[in-house]
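The values are calculated or read from the model by the stated rules, or taken from the named source; none is laboratory data. Everything numeric in this text was worked out from a predicted model, so none of it was measured. Methodologically, a virtual Cβ is constructed for each residue, glycine included, from the backbone with ideal geometry; neighbour enumeration extends over all protein chains shown. These area figures cover heavy atoms from the full protein model, side chains too; ligands, DNA and RNA do not enter into them. Shrake-Rupley method; radii C 1.70, N 1.55, O 1.52, S 1.80 Å.
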Amino acid sequence: MSQLNNITTPNELLEILQKTIENKTVVIENLRYAIYLRKSTDDPEKQVRSIEDQLSECLKVANDNKVVILKEDIIEERESAKEASIRPKFRKLLDRIIAGELDGIISWHPNRLSRNMRESGEIIDLLDKHIIRDLKFASHTFINDASGKMLLGIVFVMAKQYSDQLSIDVKRGNTASIEAGYYINKSKHGYQKDNLQRLQPDGNN
C-alpha cells in the first residue's frame with residue numbers, strides 16, 4: 001500500500017499493477033482463440049507495429065501457450081478503433097465469442113482491440129460474464145481476475161485519452177498552419193504552393 005501512496009501519474013499506477021499481475025499464473029486448457037490484428041490506414045502512430053509484425057508476435061504468444069490458431073481465425077482489420085461500431089470484422093469476432101464458437105482473443109496490445117469506452121466496456125463486461133474466457137497480448141500481461149480487469153480498464157482509458165489528445169493536437173497544428181498560410185492535405189482552388197509550401201494566389205485562377 002505504501003507504493004500506492006507515492007503514485008503521481010497513471011503510468012506509475014499501470015507499472016505497479018502490471019508487476020503485481022505478472023507474478024500470477026493461470027492454467028486454462030482447450031480454449032479456442034482467434035488472433036486480432038489492427039492498424040488504421042491513416043494511423044498517425046508511427047510506433048504501432050505493422051500488421052505483419054503484430055502477426056509474428058501473436059503467433060509466438062500462441063506457440064508459447066501451445067495454442068493452435070486456425071487460418072480462418074486470424075483476423076486482420078485496417079480501421080480506427082477510436083469510434084465504436086465501425087469495425088465489422090471486430091464485431092463479427094465478438095459475435096462469434098458470444099455464440100460460443102471462440103473463447104478468447106490474442107492481440108498485440110489492448111489498444112488494438114479498442115480505443116473507445118463503448119467497446120472497451122463491452123469487452124470487460126464479456127469477461128465479467130465469463131463469455132470471453134481469456135485475453136492474451138504480445139506486449140501486455142493480462143490475468144482474468146479482478147486486478148487484471150482493473151488494469152485492462154486503465155489501459156483502455158489511457159488508449160482513449162491518447163487518441164483524444166492526438167486529435168486535439170492535430171487540429172491545433174492544422175489550424176495554426178492554415179492561419180500562417182501553409183499548404184496542408186488538400187489543394188485550395190485559386191491558390192498554388194510556393195517553394196516554402198505556403199499558399200499564394202494563382203493569377204490564372
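Do we have residue 40 as within 24 Å of residue 157 (Cβ to Cβ), polar (S, T, N, Q) and at pLDDT 95 or above here?
no
Taking residue 79 and the conditions (1) of a type outside the set (A, V, I, L, M); (2) out of contact with any Asp or Glu (no Cβ under 8 Å at 6 or more places or on another chain); (3) modelled with pLDDT of 95 or more, which numbered condition does it fall short on, given that it satisfies the others?
(3)
Quick one: would you say residue 69 is β-branched (Val, Ile, Thr), surrounded by 14 or more Cβ atoms within 10 Å (Cβ to Cβ), at negative phi and in contact (Cβ under 8 Å) with a residue 40 or more places away in the chain?
When the stated conditions are applied, residue 69 does not pass them.
Please find, among 135, 127, the residue that is under 22 Å from residue 68 (Cβ atoms) and among the aliphatic types (A, V, I, L, M).
Of 135, 127, the one residue that is under 22 Å from residue 68 (Cβ atoms) and among the aliphatic types (A, V, I, L, M) is 135.
Being surrounded by 14 or more Cβ atoms within 10 Å (Cβ to Cβ), among the charged types (D, E, K, R) and at pLDDT 95 or above, is that true of even one residue in the stretch 134-141?
There is at least one residue in the stretch 134-141 that is surrounded by 14 or more Cβ atoms within 10 Å (Cβ to Cβ), among the charged types (D, E, K, R) and at pLDDT 95 or above.
Which numbered condition in (1) at pLDDT below 95; (2) out of contact with any helix residue (DSSP H, G or I) (no Cβ under 8 Å at 6 or more places or on another chain); (3) open to solvent by less than 40 Å² (accessible area, probe 1.4 Å) is the only one that residue 18 fails?
Every listed condition holds for residue 18 apart from (2).
Mind checking which residues of the stretch 75-106 are part of a loop (DSSP other than H, G, I, E, B), within 21 Å of residue 159 (Cα to Cα) and either free of Cβ contacts under 8 Å to residues at least 40 places away in the same chain or open to solvent by less than 70 Å² (accessible area, probe 1.4 Å) (or both)?
Answer for the stretch 75-106, where residues must be part of a loop (DSSP other than H, G, I, E, B), within 21 Å of residue 159 (Cα to Cα) and either free of Cβ contacts under 8 Å to residues at least 40 places away in the same chain or open to solvent by less than 70 Å² (accessible area, probe 1.4 Å) (or both): 80, 81, 83, 84, 85, 86, 87.
Check off (1) assigned to a loop (DSSP other than H, G, I, E, B); (2) at pLDDT 95 or above; (3) open to solvent by 10 Å² or more (accessible area, probe 1.4 Å); (4) within 17 Å of residue 144 (Cα to Cα) for residue 29 and give me the number that stays unchecked.
(2)
Consider residue 35 carefully, then state whether it is under 17 Å from residue 123 (Cβ atoms), among the β-branched types (Val, Ile, Thr) and modelled with pLDDT of 95 or more.
So residue 35 passes the test.
If we scan the stretch 112-126, do we find a residue that is loosely packed, with under 13 Cβ neighbours inside 10 Å, at pLDDT 95 or above, out of contact with any helix residue (DSSP H, G or I) (no Cβ under 8 Å at 6 or more places or on another chain) and acidic (Asp, Glu)? First the steps, then the outcome.
Residues of the stretch 112-126 loosely packed, with under 13 Cβ neighbours inside 10 Å: 118, 125.
Now restrict to residues that are at pLDDT 95 or above: 118, 125.
If we keep only those that are out of contact with any helix residue (DSSP H, G or I) (no Cβ under 8 Å at 6 or more places or on another chain) too, we end up with 118, 125.
When the remaining residues are screened for being acidic (Asp, Glu), the result is 125.
Yes, there is a match, as at least one residue in the stretch 112-126 is loosely packed, with under 13 Cβ neighbours inside 10 Å, at pLDDT 95 or above, out of contact with any helix residue (DSSP H, G or I) (no Cβ under 8 Å at 6 or more places or on another chain) and acidic (Asp, Glu).
State yes or no: is residue 56 assigned to a loop (DSSP other than H, G, I, E, B) and surrounded by fewer than 18 Cβ atoms within 10 Å (Cβ to Cβ)?
Values: assigned to a loop (DSSP other than H, G, I, E, B): no; surrounded by fewer than 18 Cβ atoms within 10 Å (Cβ to Cβ): yes.
Taking the combined requirement at face value, the residue does not satisfy it.
For the stretch 120-149, which positions are out of contact with any strand residue (DSSP E or B) (no Cβ under 8 Å at 6 or more places or on another chain) and charged (D, E, K, R)?
122, 125, 128, 129, 145, 149
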